[in-house]
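Report on the structure given below.
Read-outs: derived from the displayed coordinates by stated rules, not from any lab. What you see is a predicted model; the values in this text were computed from it and never measured. Every residue, glycine among them, receives a Cβ derived from its backbone with ideal geometry; neighbour counts consider all protein chains shown.
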Amino acid sequence: MTLLKMATFRHMGIMVAAWLLLTLPAVNVTAMEFESGEKIHISNLHHLEDDLFAWGESIIIDGQIDGDLFAGSYSVVTNGHVRSSAHAFAFKYRHTGRIDGSLRIFANECIIDGFVGRSALIMGNEITVGRTAIIDQDAVFRGNILKLDGTIKGNTDIKGADVMITGRIDGDLLIKADKIAIIPPAVINGNLTYTCEDEAQIDTEAGVVIGGETTWKLPDEDGESKDKPSRLTLFTIQVSRLLAAFLFGIILLAACKRYAVESVKQLRERFTVATATGFLGVLVFIAGLLILVVAAISVPLGMSLISGSLAPVGVLITALAIVLVPITSLVTVSGGVLFYSGKIIAAFLVGYLVMRWKSPDSVRPTRSQLLIGLIILTAAFAIPLVGLLLYLLISIIGAGAIILGIKHCRATTLTRIEEPPERAAEPMPPADAPD
């Protein structure tokens, strides 16, 4: 069972809130420090009094952060002390230090061996809560393989494929999984409710303690349809699309940096013109698509007429269709790429508007701006009906900005080519030189 099949609707709001916390840190704080680079290390000699927003290849926190931690990286390690909450998006995450606030993690591999002073929301493929881990309030886990050896002092909600518990849970425990094993020295002081095809392995005779009632439900009794995806499933798909768009944006920024910078500039300075250009591009795209359909239909029609009395007409129709098919195909494919790239350009602008309070002079698109902008737009696109309309509108306007950016860059290039090089001033002959 994949991670997508294990999600449910009622935690979608929590995930959206977590992402909003990642994107809008300035709502409840007065200052924030930004760090970016391949390797970011906050050593045990560092003491940051503000929030930290970090983006890089690897992030290691050994020091103390008085505010919140917002991290996005391939690898994130928190060994130090975060006096507020921690939010991380990473491929690998490990926590061995102390977090006084809440912990919000979205990672492929997550290992918790430290202290969490409030609640925890962890979503990943492989999740391990070690024996030394303590979560002081409620915990929510969404993953594939989950091993819980530590202590959770509140209620716990788990959904996964393979779940094994040997730790201590002081509140109620709710589990939905394919395979469940609760083995010594596990202690559950509250009620245990689990949903599984097979009865869970609960070794009470060997020392497992369950203080409340134990309830076993079959998947059919759980009230969820197997065929209909949950809202959080759809939200997880949106997160996957966000990552794909982020990767596409990085490639776009690396391969076509000049055009990307100019497109963002056009969107920021000529928003109305970009909007009009985008809607004009939509009309061209629709016209090209219609011509492509007609041309594709005309090919077999013209071929059928060639063998009859209308052979000249058939030849003309076939030749015209053969010419139009590749041209209109290029137009429609280019239009599709432009509209998809439009939201990338819009994300750069949204990220710039969010971050300019910190770096007002930084007008060039950056990866941090792209990530922040995409997260905000993804949350906005998830709104029913309004999100779809917003997605179409932003894609169209962004496409218009790209068209303006390409036009401006090419015009600048042609101007430079056509301008003759400045001639060096000829030296004046000496006054006594002969004529």
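Annotations for the structure displayed:
- Protection proxy ranking, peptides 204-216, 398-410, 341-353, average beta carbon neighbours within 10 Å, highest first: 341-353, 398-410, 204-216
- Added length on full extension, which subtracts the Cα-Cα distance from 0.36 nm per residue, A311 to N44: 87.7 nm
- Extension gain (nm, one decimal) between L247 and R268, 0.36 nm per residue minus Cα-Cα: 5.3 nm
- Computed from label points 7 Å out along Cα-Cβ, the spacing between K217 and A296 is 4.6 nm.
- Unit charges at the beta carbon, dipole of segment 231-415: most positive-side option, A295, L338, L252: L252
- FRET efficiency for T204 and M303, using Cβ-Cβ distance with R0 set to 60 Å, rounded to 0.05: 0.20
- Extending 7 Å from Cα along the Cβ direction at V284 and again at V337 yields two label points whose distance is 1.4 nm.
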